[in-house]
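The values are calculated or read from the model by the stated rules, or taken from the named source; none is laboratory data. If you're wondering where the values come from, they're calculated on a predicted model, not measured in any experiment. Cβ placement follows ideal geometry from the backbone for every residue including glycine, while neighbour counts extend to all protein chains displayed. The accessibility values were calculated without ligands, DNA or RNA, using every heavy atom of the protein model including side chains. Shrake-Rupley method; radii C 1.70, N 1.55, O 1.52, S 1.80 Å.
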Amino acid sequence: MSITIALVGNPNSGKTTLFNALTGSNQHVGNWPGVTVERKEGQVRHGNTVCRVVDLPGAYSLGAFSEDEMVAREFILTGNPDVVINVIDATNVERNLYLTTQLLEMGAKVVIALNMVDEAKEREISIDEKALARRLGVPVIPTVASRRNGLEQLMNAALAVASAPRNGHVRLSYGESIDDKLAKLTNLLKAGRWDYPSGWLALKVMEGDEYVRKIVADEQSMQRSKEFLRLWDEIAANEDYYQLEIVDSRYRFVGEVTQDAVRRPAVAVETATDKLDRILTHKYWGIPIFAAIMFVVFQLTFAIGQDFLGEWMASAVEYIGEFLESLLLTVNAPQWLVDFTGNGIIAGVGAVVEFVPLIVILYLLMGLLEDSGYMARAAYVMDNTMRAVGLQGKTFISMIVGFGCNVPGVMATRTLESKKDRMIAILINPFMSCGAKIPIYLVFIAAFFPAYGGAALFAMYALGIIVAFIMGKIFSKTLFKGEVSHFIMELPPYRMPTLGTVLRSMWDNVSGFLTRAGTTIFAVVSLLWVLAVLPGGVEPYGPESILGQIGLAIAPIFKPAGFGTWQASVGLFSGIAAKEAVVATLGMVYAGVEEGMELVMSIREVFTPLTAVSFMVMTLLYTPCAATLGTIRKETGSGKWALFSALYSFGVAWALAVVVFQVGSLLGFA
Amino acid sequence: MLKQLLAAINDAGYVSKPALAAELGRPLVLVEEGFAALVRMGYLAEDAGAGCVDLPCGKCPYASMCQKEPVQMWKITDKGRDLLANMQRAG
């Protein structure tokens, strides 16, 4: 005696392991006719019976969504298997049973191999196989295919089912109205000549299966039946409703079958994540809480980074500068090299590097927030505000990335599907306070607002976000009109941040900062130093130098903003190469003005608190750095948008800096 | 379950699958399946993004500076919104 057994199951249910365990080396591989799906067959002798085992492609359902699904259902319906072994992953019973319900709908003779029961046990999932078998009306045999456990019982059950007339399995109900229509349609379809059971055809027609609908529509005998045509039109008119009800009924059935029969480890009805989210994502309190968290982050950054570590780093830079200078003097190095090293590199690059401790602390704290899962909540609480100003909630994710560096921030806008949303997100991203802008704020905060460091830094970040929102609103009403895409954010569960991940995240940002200091900033400082000491015969770092002349030419532009000095102007000009270069340039030009004087002290003499704020606003918002402009050109596919970004952001920054200075002067802050 | 799931997603304003499972009294795996079914039938759509799909994060030169926890976004499609409106009409 010989029979055919079909193996069917979800991908990763252990179906192929079971196939190999059953057939051993006695198998061969080919292709299913007309498709590129692999066909595996093997043989196994069980008692006196020779079993031909066909391993069907893994599938989550038996619809017409993929070749794998089509091949599997076609073989079950027309390949005349004597029995179908449905392999179910015991760790994921609920998901796997969806396919089982479709096998039952087909009227197949089914035996369930409840596979990987050992893994389910390890995960404390308890399954009552008898209850499952009773509710499904088919045998359920626990197996561990990888250890060949339960195979004997499985084959016994398969042979018993194959020789029995039919399973006594339960029938699904899809609701009274659908059941009635299904019965009528099944009756009408019996008049046709099909390779498939008419009940299954009727179900698939109602479910909107295009493949089956075509077969039925092409059958001549059906076209002559007025009753059929009337029913056909009625079904077509409510296709979506029937499809949803049928699929929903299957899930309801799975829920009923597994209720009490599958028990998972107790999970609190309300998880810690839910409790936290109720507070942190609150409709009204969400944004104030986010603002408060960020405020604490900036306060801690100053308290730890400046008070504990800042002095140490400044002393280290000073010590390295003195050491290099004495070393160069000892080896009788030319004066220009001593000057380049002391007043150029150490004053310039050193001025940037001095702020590394604050950068370290800031990104460490930001890494903690991100790794805990809070940043996704931050994006969510901003969602309503974003939508109100015509931006998509997900834009805030790219803005958060922009806090690190605007280049990946602009690239992160790729996750926005709509071109309109993406263009706006690209154009507003440079308003975010990237890591390179932080040293600029820190120099001016140290000079004028040391007691309010955290608050001042917080204000700069907040201003960047507010300006981004305003510009986003303007763009969505002018250049990029259209509806806001309505997306719903999925919030991952909170988790305890891991030290390794947080440190790695911090290092990624800090190393990028240090790399730029050692490459771009070094190159910019070297170039500016040459411009600051040429032409020969003029006072180095003076207004007659090439650098001074460039500064003097630009300076009138910034006079209405209160900082129309040539030093401040060249600082801003160099910042277009890289934002850190603003501090590096100021460090160099002011070190040259008054030998040995610290940058902060020099700034305190040249700026006032009001012009300091005006200058900080300018550096926050003005023309993005060259790398960001290059990325904007690449991501928008147009140099025009990069130019637009450079010009409009300069205009916005200048206008706001002027407003700050002029209004401040009127109020008596000058 | 699917209609209730869609309505719950719409009401919550954000997606937390464990919270939805608790609200609907279903195992989490079944809720995840529900999402897949709603996507398959066109009631819900995943935000595929514009270009990151073709560029695995590991190969992106800026991956280390990007968002470490990618945020999954969902969209209730027009078909889904019609269904919700019908459900509301039907009470």
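Table for the structure above
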read-out	value
Antiparallel bridge percentage (DSSP; both residues within the protein assembly as shown; nearest 5)	45 percent
Accessible area per residue, Å², the protein assembly as shown with all protein chains present, probe 1.4 Å	43 Å²
Centroid-to-centroid separation of segment B:69-91 and segment A:539-594 [C-alpha atoms, Å]	56 Å
Computed FRET value (nearest 0.05) for A:GLU539 with A:LEU647, which takes r as the C-beta separation and R₀ as 22 Å	0.05
Dipole magnitude of segment A:176-263 about its Cα centre (Cβ charges: Lys, Arg +1; Asp, Glu -1), debye to nearest 20	360 debye
Dipole moment magnitude, nearest 20 debye, segment A:2-163 about Cα centre, only Lys, Arg, Asp, Glu C-beta charged	380 debye
Sites A:VAL296 and A:ALA451 - FRET efficiency at Förster radius 22 Å, r taken between beta-carbons, to 0.05	0.80
Heavy-atom accessible surface of segment A:185-239: percent carbon and sulfur, 1.4 Å	45 percent
Rg over Rh, two decimals, chain A (C-alpha only, Kirkwood Rh)	1.17
Whole-percent carbon and sulfur share, accessible surface of segment A:427-570, 1.4 Å	71 percent
B/A buried area, accessible surface, summed, 1.4 Å probe, Å²	4700 Å²
Set of lysines with alpha-carbon distance to A:LYS130 below 19 Å, sequence-local pairs under 8 removed	A:LYS109, A:LYS121
Accessible carbon and sulfur surface of segment A:1-140 relative to its total accessible area, %, 1.4 Å	44 percent
Student exercise, chain A dipole from Lys, Arg, Asp, Glu Cβ charges, in Debye to nearest 20	1700 debye
Folded to 0 to 90 degrees: helix A:374-388 orientation relative to chain A principal axis, Cα	80 degrees
Taking segment A:2-163 and dividing mean pair separation by its residue count, relative contact order in percent (alpha carbons under 8 Å, at least six apart)	24 percent
Mean separation of Cα contacts under 8 Å, 6 or more apart, over the residue count of chain A: relative contact order %	9 percent
Estimated 222 nm signal from helices in chain A, with DSSP H stretches of n ≥ 4 weighted -39500 (n - 2.57), rounded to 500	-19500 deg cm²/dmol
At least 20 Å² accessible surface lost relative to isolated chain, residues of segment B:1-15 (1.4 Å probe)	B:MET1, B:LEU2, B:LYS3, B:GLY13, B:TYR14, B:VAL15
Positions from segment A:87-104 whose accessible area shrinks by 40 Å² or more when the full protein complex is built, not the chain alone, probe 1.4 Å	A:GLU94, A:ARG95
Interface residues, segment A:232-249 - accessible area loss of 10 Å² or more versus chain alone, probe 1.4 Å	A:ASP240, A:GLN243, A:LEU244, A:GLU245, A:VAL247, A:ASP248
18 Å reach of a label modelled at A:ARG230, 7 Å along Cα-to-Cβ, counting backbone N of segment A:179-201	A:180-191
